[in-house]
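Chemist: This is the structure I want to talk about, given as structure tokens.
Read the figures in this text as sums done on the coordinates, not as results from a lab. The structure presented is a predicted model; accordingly, all values stated were derived computationally and were not measured. Ideal geometry is used to build each Cβ from the backbone, glycine not excepted, and the neighbour counts take in all protein chains shown.
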């Protein structure tokens with residue numbers, strides 16, 4: 001079966017996020033001073049062949065931990081659904 005995984009990788013809250021800080025300053029310059037605590041991450045979408053939902057989730061977890069996310073500086077979450 002084919003599955004679609006939607007993965008979000010974000011910097012850990014304890015890690016400085018210079019991109020997020022730059023975007024927050026830009027938003028302030030646009031008059032949007034109500035927006036705070038901007039964090040910039042990445043979104044990854046992929047197709048995966050697996051026997052079932054649990055197998056697909058396990059493969060995505062391995063991919064995230066070994067390649068897609070830097071576990072020292074980033075955290076991830078994902079959702080898997082049938083294609």
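Chemist: Suppose we filter 4, 44, 48 for residues that are surrounded by 14 or more Cβ atoms within 10 Å (Cβ to Cβ) and within 14 Å of the chain's Cα centre (by Cα); which single one remains? Lay out the reasoning, then the answer.
Modeler: Working: 4 fails: within 14 Å of the chain's Cα centre (by Cα); 48 fails: within 14 Å of the chain's Cα centre (by Cα).
So the residue among 4, 44, 48 that is surrounded by 14 or more Cβ atoms within 10 Å (Cβ to Cβ) and within 14 Å of the chain's Cα centre (by Cα) is 44.
Chemist: Step by step: first the residues of region 51-83, then only those that are more than 18 Å from residue 1 (Cβ to Cβ) and touching a residue at least 60 places away in the same chain (Cβ under 8 Å), then the one that is farthest from the chain's Cα centre (by Cα). Which residue is that?
Modeler: If we take residues in region 51-83 being more than 18 Å from residue 1 (Cβ to Cβ) and touching a residue at least 60 places away in the same chain (Cβ under 8 Å), then 73 is farthest from the chain's Cα centre (by Cα).
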